[in-house]
1. Which far-off residues, 5 or more places away or on another chain, put their amide H under 5 Å from the one on Ser15, with H placed in the peptide plane?
2. In deg cm²/dmol, rounded to 500, what helix-only [θ] at 222 nm does the chain give when every DSSP H run of at least 4 residues adds -39500 (n - 2.57) and the total is split over its residues?
3. Where does segment 96-166 land on Rg/Rh, using Cα atoms and the Kirkwood Rh?
4. Might you report the magnitude of the Cβ-based charge dipole of the chain about its Cα centre, with Lys and Arg at +1 and Asp and Glu at -1, to the nearest 20 debye?
5. So, in Å, what gap is there between the alpha-carbon centers of segment 43-82 and segment 114-169?
6. Helix 30-46 against the longest principal axis of the chain: what's the angle in degrees, Cα atoms only, rounded to the nearest 10?
7. Which ³J(HN,Hα) values, rounded to whole Hz and listed in residue order, are derived for segment 56-73 from phi using the Karplus coefficients 6.51, -1.76 and 1.60 in 6.51 cos²θ - 1.76 cosθ + 1.60 with θ = phi - 60°, glycine and proline given as x?
8. Among His24, His11, His42, His108, which comes first, second and so on when ranked by fewest other beta-carbon atoms within 10 Å?
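What follows draws every value from the coordinates through simple rules; no lab data is involved. Nothing here was measured: the structure is a model prediction, and the numbers come from that model. Using ideal geometry, Cβ is built from the backbone for each residue, glycine included, and neighbour counts are taken over all protein chains shown.
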Amino acid sequence: MIEKKLFLLRHAKSSWKNLELDDHERPLSERGIFSCQVMATHIFKKLNFKDISIFSSNSKRTQETCKKIFKNSIKVNFESELYTFNFNDLIEWIKEIKINKNLMIVGHNPALIDLINYVAKDKIIKFPTCAFCEINLYINSWSEIKKNTGDMKELQLVKRLKSYNYKNE
């Protein structure tokens, strides 16, 4: 029996135009903004946000991804602890969270792909920018999350959506 759902969304493509910027401060690129619009349509058709708490890294690119996808119509909690590239940090953070709802995390690789490959029985080799994953977990509380406790229900890459037709690709 499925008890929890974990949704993972990698930030959209970031800009490397200003090489002086700290990694935390990099904004979205033009392609990233376009990808958010395409992925937003997919996510809003699919999810009932009443049952989901959304948490995101506080980096500029994840904040911009959330603003473009959720359009300030859905509450997103920005957490400095989610600005990580290590999935063990994510696991520990998830185990400590005190919510009963399903969970969405907007974050970074390699932490997200490693988290997917840790909790889901199915393994993946790519989780590109603006990718979305849904995992059904067989746990009663978030503190029970561990290796192979779920099944991947969906892996959606933005470039595979029908409406994706970015001008430079």
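1. Leu28, Ser29
2. After summing the helix terms and dividing by residue count, I get -8500 deg cm²/dmol.
3. Rg/Rh: 1.00.
4. The dipole of the chain has a size of about 760 debye.
5. Going from one Cα centre to the other spans 16 Å.
6. The answer is roughly 40 degrees.
7. Rounded to whole hertz, the list is 9, 4, 8, 5, 4, 5, 6, 4, 5, 4, 4, 5, 6, 7, 8, 6, 6, 8.
8. In order of increasing Cβ crowding within 10 Å: His24, His42, His108, His11.
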